1. Among the chymotrypsin sites (Phe, Trp or Tyr not before Pro) within region 79-128, which fall in a DSSP loop and have no more than 15 other Cβ atoms within 10 Å of their own Cβ?
2. If you place +1 on the Cβ of every Lys and Arg and -1 on the Cβ of every Asp and Glu, how big does the dipole about the Cα centre of region 35-153 come out, in debye to the nearest 20?
3. Go from 0 up to the bin containing the longest alpha carbon distance in region 27-155, width 10 Å each, and give me the % of pairs per bin.
4. Can you give me the Rg/Rh ratio for region 68-142, using Cα atoms for both radii and the Kirkwood formula for Rh?
5. Could you list Ile46, Ile100 so that the one with the fewest beta carbons within 10 Å of its beta carbon is first and the one with the most is last?
Amino acid sequence: MTDSEQMPPGPRHNAPAAADPQVIPVRAAPATLDVRLQRGAAVSLIALIVLCVLWETVLSPLRPGGSWLVIKALPLLLPLRGVLRSNLYTMQWAAMMILIYFTEGVVRATSDPGGFSPWAWAEVALTTIFFWCAVLYVRPAKQAARRRKAAASTR
């Protein structure tokens, strides 16, 4: 009898790999990443860069004519390429870096003279949007990797 006559047709995932060289190991389904979350992260990051530059030069600079605080937008340019290309690693570390801007927005919103700073609250909103879009975008890939690791350790 041939191998195909002994076993019913279809995938043979229950047999050990050493016993049958044709056994294909079970792999977890690839993660489905939501493009809308990636776009939300990209748009909010670009908007945050624009806000930081305009805030410190035109909208409400600390000194008339602008201030050197405009350079705070430079670190936001570092993850921009990776976010636009949907790089998971970049999304992860950028989500952590963006928390610095969240903190700055909260501090300036609550401590600026006048008690109300719409630009600071806009920064808080944009950083919150970026953070959640990035975290929720990466989450399915991290879960799939965790499942693959668990499946590999049980073999």
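Just so it is clear, none of the values below were taken in a lab; they were calculated from the coordinates. What you are looking at is a predicted structure, and each value in this text was computed from that prediction instead of being measured. Note that each Cβ is placed from the backbone with ideal geometry, even for glycine, and that neighbours are counted across all protein chains shown.
1. Those that pass, being in a loop and sparsely packed, are Phe116.
2. In debye, rounded to 20, region 35-153 gives about 900.
3. For region 27-155, the pair-distance distribution reads 13, 38, 26, 14, 7, 3, 0.
4. Here Rg/Rh amounts to 1.04.
5. So the ranking, lowest neighbour count to highest, is Ile100, Ile46.
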